[in-house]
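Since the structure comes first, as structure tokens, the remarks are kept for the end.
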Amino acid sequence: MELTWTRRLSALPRRPRLQVGRARRYNALMASMRITINPTQMGGVPCLRGIRIPVATIIALVAEGETREDILTLYPDLEAEDVREALLFAASR
């Protein structure tokens, strides 16, 4: 009886996926951040502290040359640490 290709592949031992380790590190990193990802809020877009200000908006403002003080003036609900966390979040992605 000759083994078929699919049976040969299924007989090989499976290696653990690298994604699992990344997911654990990502979850540990997310625990200390101010970034929230809620599928029922803003379609699951990463937001700052759940106040419906997307991280992408802050990153775009920084890319346009706005200073931290300018961003905090535009969005009075934010804190200086929120801008820093948005940048760290974008860098980790």
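The values are calculated or read from the model by the stated rules, or taken from the named source; none is laboratory data. It should be emphasised that the depicted structure is a prediction, and the values quoted were computed from it without experimental measurement. Backbone-built Cβ (ideal geometry, glycine too); neighbour counts: all protein chains shown.
Here are a few things to note about the model shown:
- Scope the stretch 23-46; condition at pLDDT 90 or above and under 13 Å from R84 (Cα atoms); matching residues: I35
- Test: residue in the stretch 52-65 that is surrounded by fewer than 16 Cβ atoms within 10 Å (Cβ to Cβ), aliphatic (A, V, I, L, M), at pLDDT 90 or above and in contact with a Pro (Cβ under 8 Å, 6 or more places away or on another chain): yes
- Subset of the stretch 66-89 that is within 15 Å of T36 (Cβ to Cβ) and under 15 Å from the mean Cα position of the chain (by Cα) - its residue that is surrounded by the most Cβ atoms within 10 Å (Cβ to Cβ): A86
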